[in-house]
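None of the figures in this text is laboratory data; all of them are computed from the coordinates on show. All values derive from a computational prediction rather than experimental measurement. Cβ coordinates were reconstructed from backbone atoms using ideal geometry, including for glycine residues, and neighbour counts include every protein chain displayed.
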Amino acid sequence: MSEVLAKKAAALDAADELAPHRDLFTLDEGVVYLDGNSLGALPRHVPARMQDVIAREWGHLRIRSWEESGWWTAPERIGDRIAPLIGAGPGTVVVGDSTSVNVFKALVAAVRMAGEGRDEILVDASTFPTDGYVAESAARMTGRQIRALAPAEIVAALGPRTAAVLVNHVDYRSGRLNDLPGMTAAIHAAGALAVWDLCHSAGALPVGLAAYDVDFAVGCTYKYLNGGPGSPAYLYVRADHQARFDTPLPGWNSHEDPFGMRPAYVPGDGATRGRVGTPDILSMLALESALDVWDGVPVEAVRAKSLALTDFFLECVEAYVPAGSVSSVTPAAHAERGSQVSLSCEGAGEVMRALIDRGVVGDFRRPDVLRFGFTPLYVGFADAERAAAELAALLG
Ligand SMILES: Cc1ncc(COP(=O)(O)O)c(C=O)c1O
């Protein structure tokens, strides 16, 4: 059996049009990296760019770089590089701060926009915890109540009391893809606003923010966008909401005249309203450089390969791993699957440690989930086959 699947992997890799992109990344011989849904791999050209940023732009130009090296305008410029990857138009995405901070900005702004009569914020109960914590605080601050519901229950719970809904596009633990078009339409039909967390979908699948009229979205850049550890997040504000975007964090960087040093806050226009304070330029410029790997890459091609990879990994797991030792918690239906496969298994923490020792790097989420992230720009079918074979060797 293993020979058949190994041959199939080789044929799939040979036919894979994205395979040459692998050479754009720093990868280690003999290591299968399936944790790009946590921290993306390093694009090879980024260190040279960072050397230039540090030695020349910082070292020699110093303060002049805010203007001459484009530091001041980096948040909007890099937002425009991310925009096509998430189906957003130019001028609607700004980069900066963490996802957690952007969830706060987006959710409070959404609640303020929804108006006084609406007193509930619905939040995805299986959300990455930070979103839930921030939503709870946003509810307290704005005098609303929070209701945590399974994503499948959200549409039925919408009503005239709903102000805003915060949902994860892809669930970080199970890899389930939620129905962004359908839920956003239902949220709008109820007169509420939709805030989507794209951390586990941007760079892995088409999102279509503008096509589906999403109100606000946030996401990180260190996973599928390969921006590096702690690289800044982004905030999307729908074009026709921007003039009413009332940020709860009105810092000087979003002022209409930041260097006027005026005591009264007057917001600037467009995506700039999402800015707060001085941007973390080094991380931001590493991200900008990392985004070069997307030049000429259609997100649809990434999605097609991602589904083929996760299908093939599941096929190999089914063939190799002793029956009953693992079960997939990731939906089988393509329409409900992100770009990872999560397997529940007894002693998952120990199993993942042993798997990493064997050169297959995924991660473990309590209590019993092994997560395997498939990043189509640098993971191939032979990697998927090897990961399943090593898992089988451990569990057999
Ligand atoms: C879905 C989701 N939301 C939010 C976060 C938190 O992001 P940050 O630590 O950048 O605030 C993460 C981090 O992994 C995440 O996976």
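Here are some notes:
- In the range 224-241, residue surrounded by the fewest Cβ atoms within 10 Å (Cβ to Cβ) [restricted to those that are among the hydrophobic types (A, V, I, L, M, F, W, C), within 17 Å of S201 (Cβ to Cβ) and more than 9 Å from the ligand (Cβ to nearest atom)]: L225
- Residue that is in a helix (DSSP H, G or I) and over 23 Å from the mean Cα position of the chain (by Cα), where the choices are R77, R64: R64
- For S283, the requirement of being among the hydroxyl-bearing types (S, T, Y), under 21 Å from N102 (Cβ atoms), surrounded by 18 or more Cβ atoms within 10 Å (Cβ to Cβ) and touching a residue at least 40 places away in the same chain (Cβ under 8 Å) is met.
- Among the residues of the range 121-139, the one identified as β-branched (V, I, T) and more than 16 Å from the ligand (Cβ to nearest atom) is I121.
- Enumeration of residues in the range 86-109 that are more than 15 Å from the chain's Cα centre (by Cα) and away from the ligand (no atom under 14 Å from the Cβ): G89, P90, G91, T92, V108, A109
- Flag not set for T221, criterion: in a loop (DSSP other than H, G, I, E, B), more than 16 Å from the ligand (Cβ to nearest atom) and among the polar types (S, T, N, Q).
- Counting residues in the range 307-330 that are in contact with a strand residue (DSSP E or B) (Cβ under 7 Å, 6 or more places away or on another chain) and exposed (fewer than 15 other Cβ atoms within 10 Å of the Cβ) gives one or more.
- Considering residues of the range 194-216 that are closer than 19 Å to E120 by Cα and touching a His at 6+ places or on another chain (Cβ under 8 Å) only, the residue nearest to the ligand (Cβ to nearest atom): D197
- Each residue in the range 263-280 was checked for being touching a strand residue (DSSP E or B) at 6+ places or on another chain (Cβ under 9 Å) and without any contact (Cβ under 8 Å) to a residue 12 or more places away in the chain, and 1 pass.
- Hits in the range 22-37 - residues which are in a loop (DSSP other than H, G, I, E, B) and more than 17 Å from A286 (Cα to Cα): L27, D28, E29, G30, V31, L34, D35, N37
- Out of R118, R112, sole residue that is more than 17 Å from the chain's Cα centre (by Cα), touching a residue at least 12 places away in the same chain (Cβ under 8 Å), more than 16 Å from the ligand (Cβ to nearest atom) and over 27 Å from G268 (Cβ atoms): R118
- Within the range 242-262, if we keep just the residues that are among the polar types (S, T, N, Q) and touching a residue at least 24 places away in the same chain (Cβ under 8 Å), the residue that is surrounded by the most Cβ atoms within 10 Å (Cβ to Cβ) turns out to be T247.
- Pairs, first more than 16 Å from K305 (Cα to Cα) and free of Cβ contacts under 8 Å to residues at least 60 places away in the same chain in the range 189-206, second within 12 Å of the ligand (Cβ to nearest atom) and of a type outside the set (A, V, I, L, M, F, W, C), C-beta under 6 Å, six or more apart: W196/H169
- Each residue in the range 224-242 was checked for being touching a Gly at 6+ places or on another chain (Cβ under 9 Å), over 12 Å from G274 (Cβ atoms) and not in a loop (DSSP other than H, G, I, E, B), and 1 of them qualify.
- D363 in contact with a helix residue (DSSP H, G or I) (Cβ under 6 Å, 6 or more places away or on another chain) and farther than 17 Å from P20 by Cα: no
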